[in-house]
Every structure is written in structure tokens, then in C-alpha cells.
Amino acid sequence: MSEEIRKILEAVAKGEISPEEGEMLIKALKEKEKEEQNWSEDFSEKDFVLREDEVMEGDLVLSRKKAFIKGKVEGDLVLINCETFFSGEVEGDLAVISGRIEFNGGKVKGDLALVGAKESGRRPSVDGDVARISNFFISGMMKMFSPFISNISVSSRKKKGEREE
């Protein structure tokens with residue numbers, strides 16, 4: 001049992017909070033632990049990973065991938081039908097088209113556009129505008145076009161420090 005759960009149970013026992021409040025707090029703690037597990041370092045070869053100490057030069061476009069963006073993108077970042085975990089930094093704009101993104105802070109120096117995407121977590125700080133387009137028409141169109149744009153992975157440059165082969 002974690003220290004936080006023990007403290008909640010003690011507060012319930014002392015009558016400082018109700019059992020219902022204690023239950024809600026414990027559920028919130030377990031959800032937080034679940035989110036932190038999603039950020040683990042257990043990646044598959046098909047995943048795109050930009051670690052905290054890495055910098056991607058130029059624009060980055062990903063489609064139908066599981067993406068972990070913890071580092072810095074020195075350009076725009078476009079995510080199409082991706083499952084993304086984001087805590088990094090984007091020098092340009094961040095566009096999330098369909099798919100799902102879980103934010104864990106971070107920074108976007110340009111605009112943030114969420115088009116038919118599901119978002120959760122603590123949104124990054126955004127210097128530009130935030131646009132959210134979420135409706136039935138957009139979602140239907142993305143499902144129709146997604147087979148034509150599958151497995152796109154484009155970058156104008158390599159990660160800094162990446163070895164030439």
C-alpha cells in the first residue's frame with residue numbers, strides 16, 4: 001500500500017474526510033499511477049520515440065504510430081491517427097488530426113490544432129492559438145481517408161546525434 005493511500009485511509013478513520021471522499025481520492029491516485037505507467041520506457045520497434053535528451057531538426061509528420069514525444073522538435077509536429085504521449089517541446093505548430101493524445105505538460109511555441117482528436121491530461125503551455133475541431137463530419141472523413149495515409153513517417157532531418165549509416 002502506498003503512503004498516499006495510507007494517509008487517505010487514516011483521514012477517513014479519523015473522520016477528517018468521508019468514506020466517499022476517500023474513495024474518490026484513491027481512484028484519482030490509481031488513475032495517476034496508470035498514466036505514469038503509460039510513460040514507461042518499454043517501447044516496441046514500431047513506436048516513434050523522441051527522448052528527453054533528443055532534438056529533432058525540422059518538421060516531423062507521423063501517421064498511425066504510437067508516439068512518445070519527450071524531447072524537442074525544431075519545427076512543426078503533425079500527428080495523424082496516432083496514439084501519442086506528449087511532454088516535450090515544439091518550436092513550431094502542433095497539429096493532432098484524429099487519433100488520441102495524452103498530454104503531460106510540455107510546450108508548444110506556435111499554435112495547437114486538435115482536429116477530431118481525443119485529448120487528455122495536463123495540456124502544454126501554448127504561445128499561439130488553440131483550435132479544437134471535433135465533430136461527426138471530421139471524424140467520419142478521417143476514418144475514410146486513413147487507409148490512404150497509413151504508415152507515413154516523414155522528417156526533414158535526423159535527430160541530432162543520430163549516427164549516419
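FYI, it's all coordinate maths here, none of it is from the lab. Fair warning: this is a prediction, and the values are worked out from it, not measured in the lab. Here the Cβ is made from the backbone with ideal geometry for all residues, glycine too, and neighbour counts use every protein chain on show.
A few remarks follow.
- Across every pair of non-identical alpha carbons in region 77-127, the mean reciprocal distance, once inverted, gives a Kirkwood radius of 10.4 Å.
- Highest-first arrangement of 109-119, 85-95, 13-23, 123-133, where packing means the average Cβ count within 10 Å: 85-95, 109-119, 123-133, 13-23
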